[in-house]
Amino acid sequence: MAGRPSDTEILEAVEAHAGRRGVAGRLTDPGAAALTWTILLDFRIVRSLETRGERPMREPGSRDDIANRPTYTVLDSHPVPPPDDPEQARSRLLVREGSLDEERCADCDGGTNKCGPCRGRGVLDCPRFVDCPVCEAGPDACWECEGTGRPRSRKPPRPRAGTNAADRARPRAGTSAADRAARVRCARCRIDDVACPKCRGRRQLDCPDCRKSGQVECTACSGTKRVTHPECRGTGRFTVWTEGWIRHTPHRARERRPGRADLRRATGNTGDWHENVLRRTTDKLPDDLDESDEALIAPHLTPRKNEVARRATLRRLPLAQVRVHADPHRDYFAFPSRTGIEVVSRPTSERVRYFAAVATVSVVLVTLAAVLAVALLR
């Protein structure tokens, strides 16, 4: 791969890095270090897939914007350029030539219909009177005539046997002076201080909505007797046409071999990745691509049905792992960067497993000591 440093350049860069850590010795000497190469890989492909279709359309009113759309004769053969960027989702609406027309709405008269709730009268029936909310249109409307207009004398009921003197002395409800002072002259029997103060013995009041007229304005049509037809939105006509649509939808796929997790930030930020971009189905993969990488990527390059555009991006970064015999507990990793060769070091996998085992044993011992301490305290 172009831009890959030589083994000698890698060893010299690792030697300078290890020297700053206090590791002495020339790594280019035979047996001083072991070097292995790995290719980090990041492959992404995005395709633009095209779909076409037709559907009958019917919209209320006159649609001048529809007349300004491009037209077609045969949708399958209508030329539409593919998107410049396959990542872009795009939809194009067309009108089949000769299909645009207007038709009259058959379910209304000029966009309106006779109001249903009021049957075209503009008003609704309303009761002229409503029950009094104070006496609830009951006998308490008047103590003498009960709202009938025929007075009769009401006598307090005789006390039941066994009632005490206090109960017999308590005045009956409605007969005290305070109760009678709250009453007014009855409008029916003409007797003072016996009628409900709200309805004056009539049991009912004039309806506040219609003011005793028996009719109120229809809320559906606001008194106009006609309502707007919702289907045609009051226009009285429809615009009809055959609509063709062509959509370009991006479809994405990816393959990665990013390497060790603790190296991804360093390689991603500073690595000088070698990039190849393939835009046509006839474009070939680089000749220096490993057979395993080619087997991984090649299936993604097979043309798909309805594919009109693509962009495949292949990024590769050579990564050298160097094991320095004078520093057996660390691995050194070197890769080309924009300024030269970048070197980073990490503990060896054996060292990581060792410390993990030590930490696990320590936790177990602390737990056992805690359990024993609790048992002894009990």
Checklist line | Count - residues of the range 339-378 that are more than 28 Å from V322 (Cβ to Cβ) and more than 46 Å from the chain's Cα centre (by Cα) | finding: 17
Note to self: From the list T73, T36, T51, exactly one residue is farther than 21 Å from V308 by Cβ, loosely packed, with under 14 Cβ neighbours inside 10 Å and among the polar types (S, T, N, Q). Which is it?
What the structure shows: T36
Checklist line | Answer from R128, R96, R119, R92 - the residue that is of a type in the set (K, R) and within 33 Å of the chain's Cα centre (by Cα) | finding: R92
Notebook entry, point to check: When you scan the range 208-256, how many residues do you find that are part of a strand (DSSP E or B) and either out of contact with any strand residue (DSSP E or B) (no Cβ under 7 Å at 6 or more places or on another chain) or of a type in the set (F, W, Y) (or both)?
Noted result: 3
Next item on the list: Say whether the condition of being closer than 26 Å to I10 by Cβ, touching a strand residue (DSSP E or B) at 6+ places or on another chain (Cβ under 8 Å) and not aromatic (F, W, Y) is met by at least one residue in the range 352-371.
Entry: no
Check: Taking the condition among the β-branched types (V, I, T) and either open to solvent by 60 Å² or more (accessible area, probe 1.4 Å) or closer than 23 Å to A18 by Cβ (or both), does T281 pass?
Finding: yes
Checklist line | Qualifying residue in the range 264-274 (condition: in contact (Cβ under 8 Å) with a residue 60 or more places away in the chain, among the acidic types (D, E) and open to solvent by 70 Å² or more (accessible area, probe 1.4 Å)) | finding: yes
Check: Which pairs do you get when a residue that is of a type in the set (D, E), found in the range 113-138, comes within reach of a residue that is surrounded by 13 or more Cβ atoms within 10 Å (Cβ to Cβ) and part of a strand (DSSP E or B), reach meaning Cβ atoms under 7 angstrom, with the pair 6+ apart or on two chains?
Finding: D125/Q215; D131/Q204
Next item on the list: Take the residues in the range 220-263 that are within 30 Å of D293 (Cβ to Cβ) and hydrophobic (A, V, I, L, M, F, W, C), then tell me which one is farthest from the chain's Cα centre (by Cα).
Entry: L263
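The values are calculated or read from the model by the stated rules, or taken from the named source; none is laboratory data. Note that the coordinates shown come from a computational prediction; the quantities given were computed from them, not determined experimentally. Virtual Cβ from ideal backbone geometry, glycine too; neighbours counted across all protein chains shown. Just so you know, the surface numbers come from the protein's heavy atoms only, side chains and all, with ligands and any DNA or RNA stripped out. Shrake-Rupley method; radii C 1.70, N 1.55, O 1.52, S 1.80 Å.
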